[in-house]
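Participant: Submitted below is the structure of interest, expressed as structure tokens.
The values are calculated or read from the model by the stated rules, or taken from the named source; none is laboratory data. Only a predicted model underlies this, so the values are computations on that prediction, with no experimental measurement involved. Quick reminder, even Gly has a Cβ in these numbers, built from the backbone with ideal geometry, and neighbours come from all protein chains shown.
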Amino acid sequence: MTSLTTAEAPRKAPRTTGTRRPRRPRLPRWRDYGRPRELIVRYLLLLFVLGITVGPLIWQFLASLKSTSEDVFGANATLLPHDPTLRAYRAVFEQVPVATYIWNSVIVVVLSVTSQLLFSTTAGYMLSKPAWKGRKAVWILLAASMMFPFESIMVSLFLSIRDLGLVDSLVGVWLPGFVAAINVLLMRGAFLAVPRELEDSAMIDGAGEWQRFRHLYLPSAWGAIMVVVINTFIAAWDDFLWPLIVLRSESSMTLTLGLSRLQSSSFGYDQRVVMAGSVISIVPVLVLFFITQRWFYKGVSAGAVKF
Amino acid sequence: MVTDTAKPVSVPGTERTASVPGTAPSRIRRLGRALRPGPSPGANGAALYRRWWQPWLWAAPAIICAAVFGVFPFLNTLLLSFTDAKPLGGAASFVGWSNYTRMLDDSDFWLATRNSLLYALIVVPLMVLLPLLLAILVEKNLPGIGFFRSAFYTPVLASSVVVGLSWQWLLADEGLINTSLEKAHLIKDAIPFLSDSWLILFSAMGLTLWKGLGWYMIFYLAALGNVPKELHEAAAMDGAGAVRRFWHITVPGVRQAMMLVGTLTGIGSLRVFTEIYMLGSSTGGPGGADRTLPFYIRDVGLDPLTGNAGYGSAVSVALFLLTLGLTLLAQRLTKEDES
């Protein structure tokens with residue numbers, strides 16, 4: 001389309017557009033999107049990638065609906081369940097303490113989201129303020145703490161958690177990351193974007209520091225707050241290595257940990273049950289994602305400051 | 001500022017009432033400092049009502065977390081690497097450099113290092129290129145493209161454990177891939193994806209790539225938005241095909257994003273753990289042949305019975321140095337690229 005207009009342009013004299021009536025906007029037709037052959041190729045490619053990326057997850061979901069008489073895989077297996085049943089979902093709650101796992105994961109998620117939200121905003125707020133002594137030192141400390149990959153300090157972290165008596169406790173899972181430097185920097189960036197004039201006028205109206213923070217800055221940084229919430233939720237819900245190190249007993253395990261053990265235990269051979277567990281684990285994150293999608297994409301580009 | 005607050009200048013609660021700045025000389029001095037252009041640009045009246053300790057109080061949790069669970073563990077790791085501390089406690093004694101000499105002679109350590117580096121070497125180029133192609137595919141606003149973009153993102157949301165479970169059944173001897181290939185008579189015997197140590201490593205790389213595709217696709221989508229459309233149109237008019245436009249317009253246009261993705265995935269590759277754990281079982285492949293560095297650190301440093309936190313710390317230091325080296329290398333390449 002665009003190449004057409006540019007090709008025509010030199011031949012025709014420049015039109016005066018003012019005299020023409022504005023045309024009624026019409027719905028786009030297929031041919032507006034490109035040549036048919038190109039379109040078909042594009043959609044075929046899209047469907048192909050869709051099969052690769054989502055296929056395994058869909059397959060997992062479909063298999064979790066199969067009854068015990070149907071093969072999950074092997075020569076006789078079909079993709080669609082002949083007789084969909086929720087048996088596997090009941091089984092996963094009856095045979096395995098999945099409810100406990102979920103509850104534990106929820107505790108870790110709630111603790112993490114609360115502490116991250118509270119502390120990254122307060123610290124980010126002060127770091128966005130100029131003129132206080134020691135600001136640079138705090139900045140350097142935060143930047144330094146981001147330099148060390150978690151895997152290279154986990155031995156020492158575990159020893160600290162052990163000395164605090166937090167082995168095998170959910171607090172031990174939550175504590176080392178109760179506020180991440182990256183989130184502080186994210187919030188700082190969002191607060192910096194608040195116009196200074198707003199703060200000045202709030203001050204003239206007599207708003208104190210906390211009031212300005214609570215009623216002016218927090219509402220202005222809504223997008224960044226959502227990003228912190230989403231990223232923290234997913235990180236806490238999906239985390240595996242650290243819970244694996246800290247947690248020992250079955251009653252304190254988080255969902256990812258419990259699922260990974262299902263596989264190696266004797267239940268591992270009823271795949272439908274394990275798949276039902278997997279589906280249970282994905283659903284909350286998917287729901288959160290579809291609710292908060294528009295902030296989500298921003299979060300990815302904001303994550304670019306990470307390193 | 002410390003000397004200012006040593007005097008009883010302000011009444012408690014001034015920061016709430018926000019009256020006109022008082023006449024106390026220190027206030028005036030502070031006002032002067034705040035208004036003067038200099039090291040603290042942009043300071044306004046708010047700074048006057050803030051006592052020196054208030055910002056520290058607000059930032060305290062973040063400072064504590066960064067210090068206690070960020071910087072201290074690293075310094076402690078350095079220290080521990082010269083001891084024989086045990087993961088479950090007990091007396092630790094200083095052992096000098098022996099953990100490091102042991103490490104250099106440890107063939108399992110070198111195997112883990114090789115696996116980690118190989119991981120980076122293979123995953124980084126693919127992860128730089130494939131999501132870019134995917135981003136180009138979903139860049140054009142076609143009907144339904146939003147659905148495709150979101151769908152391509154779902155693997156990112158699932159935890160590595162869930163994704164690993166799903167892949168286990170795809171790759172098992174009687175799994176989906178093997179049975180389909182057998183049905184199509186392409187192979188006779190199942191491909192041992194989950195029992196051959198090389199195939200486990202490559203399958204894990206595939207899993208990492210698959211899970212990262214959506215994430216970096218979004219990265220590139222943002223970068224592609226900054227490449228001027230006019231360049232493509234002009235090149236197309238001059239008769240440049242899609243491939244030439246890709247190499248000569250798109251790639252230079254998103255170069256910075258590519259460098260960033262390369263750095264991030266390089267660091268990420270050195271941190272791989274869950275993929276190997278899920279596909280190669282908790283031993284890390286047959287006889288631990290697929291263990292990566294984090295896997296090895298956990299095995300030697302944190303095993304409750306046989307672990308040696310001192311030795312684990314030495315390996316941790318090695319992992320840190322590798323990461324640091326990679327970061328510096330990437331920085332250097334980026335700089336050279338810019339000049």
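Participant: Run down A:LEU39, A:LEU57 and say which single residue is modelled with pLDDT of 85 or more, of a type outside the set (Val, Ile, Thr) and over 30 Å from B:ALA158 (Cβ atoms). Write out each step before concluding.
Facilitator: Working: A:LEU57 fails: over 30 Å from B:ALA158 (Cβ atoms).
None of the others qualify; the one that does is A:LEU39.
Residue by residue, here is whether (1) under 29 Å from B:LEU333 (Cα atoms); (2) charged (D, E, K, R) holds:
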residue: B:LYS229; (1), (2): yes, yes
residue: B:ALA242; (1), (2): yes, no
residue: B:MET259; (1), (2): yes, no
residue: B:GLY262; (1), (2): yes, no
residue: B:GLY266; (1), (2): yes, no
residue: B:GLY284; (1), (2): no, no
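Participant: For A:VAL92, are the conditions met, namely being surrounded by 12 or more Cβ atoms within 10 Å (Cβ to Cβ), modelled with pLDDT of 85 or more and within 14 Å of another protein chain (Cβ to nearest Cβ)? Before you say what the answer is, go through the steps one by one.
Facilitator: Numbers: surrounded by 12 or more Cβ atoms within 10 Å (Cβ to Cβ): yes; modelled with pLDDT of 85 or more: no; within 14 Å of another protein chain (Cβ to nearest Cβ): yes.
Answer is no for this residue.
Participant: Search segment B:165-182 for residues that are in contact (Cβ under 8 Å) with a residue 60 or more places away in the chain and more than 7 Å from every other protein chain (Cβ to nearest Cβ) and pair each with any residue that is assigned to a helix (DSSP H, G or I) and of a type in the set (Gly, Ala, Ser) when their beta-carbon atoms are under 6 Å apart and the residues are at least 6 apart or on different chains.
Facilitator: Listed pairs, sorted by first residue: B:LEU171/B:SER203.
Participant: Which one of these is within 13 Å of chain A (Cβ to nearest Cβ), out of contact with any strand residue (DSSP E or B) (no Cβ under 7 Å at 6 or more places or on another chain), without any contact (Cβ under 8 Å) to a residue 24 or more places away in the chain and aromatic (Phe, Trp, Tyr): B:PHE152, B:PHE148? Steps first, answer last, please.
Facilitator: Numbers: B:PHE152 fails: without any contact (Cβ under 8 Å) to a residue 24 or more places away in the chain.
The unique qualifying residue is B:PHE148.
Participant: While we're looking at this one, here's another question. Would you say A:LEU57 is in the same structural domain as A:ALA193 (by TED's automatic domain parsing) and not hydroxyl-bearing (Ser, Thr, Tyr)?
Facilitator: no
Participant: Can I ask one more? Check whether at least one residue in segment A:34-47 is assigned to a loop (DSSP other than H, G, I, E, B) and either of a type in the set (Gly, Ala, Ser) or under 33 Å from the mean Cα position of the chain (by Cα) (or both), and report yes or no. Before the answer, list the steps.
Facilitator: First, the residues of segment A:34-47 that are assigned to a loop (DSSP other than H, G, I, E, B): A:34-35.
Next, only the ones that are either of a type in the set (Gly, Ala, Ser) or under 33 Å from the mean Cα position of the chain (by Cα) (or both) stay: A:34.
Yes, because at least one residue in segment A:34-47 is assigned to a loop (DSSP other than H, G, I, E, B) and either of a type in the set (Gly, Ala, Ser) or under 33 Å from the mean Cα position of the chain (by Cα) (or both).
Participant: Oh, and also: Against the definition (closer than 30 Å to B:ARG255 by Cβ and in contact with a Leu (Cβ under 8 Å, 6 or more places away or on another chain)), how does B:LEU121 come out, yes or no?
Facilitator: Working: closer than 30 Å to B:ARG255 by Cβ: yes; in contact with a Leu (Cβ under 8 Å, 6 or more places away or on another chain): no.
It is false that B:LEU121 is closer than 30 Å to B:ARG255 by Cβ and in contact with a Leu (Cβ under 8 Å, 6 or more places away or on another chain).
Participant: Same structure, new question: B:ARG102 fails exactly one of the following numbered conditions: (1) in contact with a Ser or Thr (Cβ under 9 Å, 6 or more places away or on another chain); (2) farther than 30 Å from A:LYS129 by Cα. What is the number of that condition?
Facilitator: Result: B:ARG102 fails condition (1) only.
Participant: Follow-up question, since we're still on this one. Considering only segment B:299-324, state which residues are in a helix (DSSP H, G or I) and either acidic (Asp, Glu) or in contact with a Lys or Arg (Cβ under 9 Å, 6 or more places away or on another chain) (or both).
Facilitator: Let us first name the residues in segment B:299-324 that are in a helix (DSSP H, G or I), namely B:299-302, B:309-324.
Within segment B:299-324, B:ASP299, B:ALA309, B:GLY310, B:TYR311, B:GLY312, B:ALA314, B:LEU319, B:THR323 meet the criteria.
Participant: Can you tell me which residue in segment B:223-250 is surrounded by the fewest Cβ atoms within 10 Å (Cβ to Cβ), limited to those that are touching a residue at least 12 places away in the same chain (Cβ under 8 Å) and under 17 Å from B:LEU129 (Cβ atoms)?
Facilitator: Filtering first and then ranking leaves B:HIS248.
Participant: Out of the residues in segment B:263-273 meeting the condition of being part of a helix (DSSP H, G or I) and in contact with a Ser or Thr (Cβ under 9 Å, 6 or more places away or on another chain), tell me which one is surrounded by the fewest Cβ atoms within 10 Å (Cβ to Cβ).
Facilitator: Applying the first criterion (part of a helix (DSSP H, G or I)) to segment B:263-273 yields B:263-270.
Then keep just the ones that are in contact with a Ser or Thr (Cβ under 9 Å, 6 or more places away or on another chain); that gives B:263, B:265-270.
Values: B:THR263: 21, B:THR265: 24, B:GLY266: 22, B:ILE267: 20, B:GLY268: 17, B:SER269: 22, B:LEU270: 23.
Step by step, filter segment B:263-273, then rank; the result is B:GLY268.
Participant: State the number of residues belonging to segment A:36-57 that are over 13 Å from B:LEU142 (Cβ atoms) and not small (Gly, Ala, Ser). Walk me through how you get there before you give the answer.
Facilitator: Step one: list which residues in segment A:36-57 are over 13 Å from B:LEU142 (Cβ atoms), which gives A:37, A:48-57.
Applying the additional criterion that residues be not small (Gly, Ala, Ser) yields A:37, A:48-50, A:52-54, A:56-57.
Going through segment A:36-57 one residue at a time, the tally reaches 9.
Participant: Further, regarding this structure: Any chance you could count how many residues in segment A:193-230 are in a helix (DSSP H, G or I), surrounded by 13 or more Cβ atoms within 10 Å (Cβ to Cβ) and not basic (Lys, Arg)?
Facilitator: 20
Okay, residues lined up against (1) assigned by TED's automatic domain parsing to the domain that holds A:PHE233; (2) under 21 Å from A:GLN263 (Cβ atoms); (3) in contact with a Phe, Trp or Tyr (Cβ under 6 Å, 6 or more places away or on another chain):
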site: A:TYR101; (1), (2), (3): yes, yes, no
site: A:MET126; (1), (2), (3): yes, no, yes
site: A:LYS129; (1), (2), (3): yes, no, no
site: A:GLY134; (1), (2), (3): yes, no, no
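Participant: Between B:THR101, B:THR23, B:THR3, which is farther than 30 Å from A:LEU175 by Cβ, at pLDDT below 55, more than 9 Å from every other protein chain (Cβ to nearest Cβ) and not in a loop (DSSP other than H, G, I, E, B)?
Facilitator: Working: B:THR101 fails: at pLDDT below 55; B:THR23 fails: not in a loop (DSSP other than H, G, I, E, B).
None of the others qualify; the one that does is B:THR3.
Participant: May I pose another question? Which of the residues that make up segment A:151-200 are of a type in the set (Asp, Glu) and touching a residue at least 24 places away in the same chain (Cβ under 8 Å)?
Facilitator: At the first step, the residues of segment A:151-200 found to be of a type in the set (Asp, Glu) are A:151, A:163, A:168, A:197, A:199-200.
Of everything in segment A:151-200, those that are of a type in the set (Asp, Glu) and touching a residue at least 24 places away in the same chain (Cβ under 8 Å) turn out to be A:GLU151, A:ASP168.
Participant: Give B:ALA47, B:ALA60, B:ALA34 a once-over and let me know the one that is modelled with pLDDT of 90 or more, in a helix (DSSP H, G or I) and of a type in the set (A, V, I, L, M). Lay out the reasoning, then the answer.
Facilitator: On the way: B:ALA47 fails: modelled with pLDDT of 90 or more; B:ALA34 fails: modelled with pLDDT of 90 or more.
Result: B:ALA60 is the single residue among B:ALA47, B:ALA60, B:ALA34 that is modelled with pLDDT of 90 or more, in a helix (DSSP H, G or I) and of a type in the set (A, V, I, L, M).
Participant: Could you tell me whether segment A:161-174 includes any residue that is of a type outside the set (D, E, K, R), at the interface with chain B (Cβ under 8 Å from one of its Cβ atoms) and out of contact with any Cys (no Cβ under 9 Å at 6 or more places or on another chain)? Walk me through it before giving the result.
Facilitator: As a first pass, look at segment A:161-174 and keep what is of a type outside the set (D, E, K, R): A:161, A:164-167, A:169-174.
Cutting the leftovers down to at the interface with chain B (Cβ under 8 Å from one of its Cβ atoms) gives us none.
No; the residues of segment A:161-174 include none that is of a type outside the set (D, E, K, R), at the interface with chain B (Cβ under 8 Å from one of its Cβ atoms) and out of contact with any Cys (no Cβ under 9 Å at 6 or more places or on another chain).
Participant: Is there a residue being surrounded by fewer than 21 Cβ atoms within 10 Å (Cβ to Cβ) and either within 17 Å of the chain's Cα centre (by Cα) or at the interface with another protein chain (Cβ under 7 Å from one of its Cβ atoms) (or both) anywhere in segment B:299-312?
Facilitator: yes
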